[in-house]
Amino acid sequence: MSEPLGITFEEHDRAGVVTLDRPDRLNALTREMFEALSSNYRRWEPAAQIYGVVMESTHPKVFCSGGDLKVLNQWNKDGAIDEIRAFYRSAYTHVWVLEKFIRPNVPLINGLAFGGGVAISLLGTHCIAGEGYRFAMPQVGIGFLPDIGGTYFLPRLFGWVGTYLALTGAVIGPADAHRLRLVSHYIPSAYFGVIKKALADNHPIDRLLDGLHEDPGEGDLVRLTPAINRVFSAPTVEEILERLDSEPEGPYEAWAKQTAASLREKSPTSLKIALRQMLRGKSLSLEEALKLEYRLASHIVTMPDFKEGIDARIAGKGQPPRWAPETVSEVDDASIERLFDTPLANELELSQQKQIQ
């Protein structure tokens, strides 16, 4: 018997309902799940009976933890590079499918939305955060890159906060996410059933969501934003670390020390890639960003930090990864530039499907 897909697709009157249902794996995404998502969104796009789509999770504390690292780790061990690249091709293609889907698309998030979990929800027409919402792009910590559209949306956040989130993998809650416009509404999860029923009943969704929205408060990043902008506007990772290390006594000293320590735990190569992404991404369209990410991912999956980072997370038993090279000063900047500029034999192509009028 084959393993369950971990995601279901139903139609409740006028609503398409997507349910992430892989709680034992924290709703981690597989290639099959991404392909099923793309297939069903394409099926619903022209369907006259569907007013909109709602996405939910059966896990009480997790919306989606991102890509399935256990599967990626096994592919690493098997040397199945083509399988890994096919996974990322399916993932980035689905982001583009969401971008082109213009019916109401309403993810209901009351838990962790990390990495790929951000990607399957951020580009909806709406994005609803409940009180348990937590956002992070932690890929640099596994020797990878803040991908799946991160090259596009992170540099467009206020100031240099996107760069901070990309390099640190910091976790933020609903208040910060709403202020940064990563979510459209903050609505307590007790009302999620009301939203789902309204979509099924063809109720005008904007008026309903605006009526249910509550003020989530200020958030934690407001206080840190001046320091984040001052530190993470540096043009190199080395200078970012220097600015953190030289932070004087005062309100940001503890944050600076903690942030510097966190960065030094990440893959030095991935830190340099991520910073270059943020600088280049400011001028890229989403389509260009996804194509670049596939190029970068295809190169990175053959590099030692990718294998080391995922293996340490899955089987490391608490041991930190052993990055190669070990420090940012040892990373060859020219080699980082080549990752961005060296084309693939089989680049990512994204279809220009026709939108509904």
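Throughout, read-outs are computed from the coordinates displayed, never taken from laboratory work. Here the structure is a predicted model, which is why all the values come from computation and not from measurement. So basically every Cβ, Gly included, is an ideal-geometry build from the backbone, and we count neighbours across all protein chains shown.
Ranking of 171, 194 by neighbouring Cβ atoms within 10 Å, starting from the fewest: 194, 171. For the chain, set up a Gaussian network in which alpha carbons nearer than 10 Å are linked by springs, and say which option among 303, 137, 278 fluctuates the most. Maximum among the listed residues: 303.
Computing FRET efficiency as 1/(1 + (r/R0)^6) for residue 8 and residue 249, where r is the C-beta to C-beta distance and R0 is 56 Å, gives about 0.55. Peptides 244-250, 121-127, 321-327 ordered by packing proxy, namely the average of other Cβ atoms within 10 Å per residue, highest first: 121-127, 321-327, 244-250. Among 330, 35, the order by Cβ neighbours within 10 angstrom, fewest to most, reads 330, 35.
For the stretch 55-166, the Cα gyration tensor yields ellipsoid semi-axes of 23, 17, 16 Å (square root of five times each eigenvalue, largest first, whole Å). Return the single residue from 228, 310, 336 with maximal mean-square fluctuation; model: Gaussian network over the chain, springs between Cα atoms under 10 Å. With Cα springs under 10 Å in the chain, the top fluctuation among 228, 310, 336 is at 336. Taken over the alpha carbons of the stretch 1-110 as equal point scatterers, the Debye sum produces base-10 log I(q)/I(0) values at 0.10, 0.13, 0.19, 0.20 Å⁻¹ of -0.31, -0.51, -1.02, -1.11. When the Cα atoms of the stretch 146-194 are aligned to their principal axes, the ranges along those axes come out at 36, 19, 17 Å in descending order.
Between residue 262 and residue 210, the contour length at 0.36 nm per residue exceeds the Cα-Cα span by 14.9 nm.
Per residue, the convex hull spanned by the alpha carbons of the stretch 188-315 comes to 217 Å³.
As a proxy for reagent exposure, ranking 341, 21 by other Cβ atoms within 10 Å from fewest up yields 341, 21. Note on the chain: GNM, Cα springs under 10 Å; of 219, 141, 193, the largest mean-square fluctuation is that of 193.
For the chain, the alpha carbon convex hull comes to 141 Å³ per residue, rounded to a whole number. Spin-label pair residue 322-residue 238: with each label point 7 Å from Cα along the Cα-Cβ axis, the two points sit 2.6 nm from one another. DSSP finds beta bridges in the chain, and of those with both partners inside it, around 25 percent are antiparallel.
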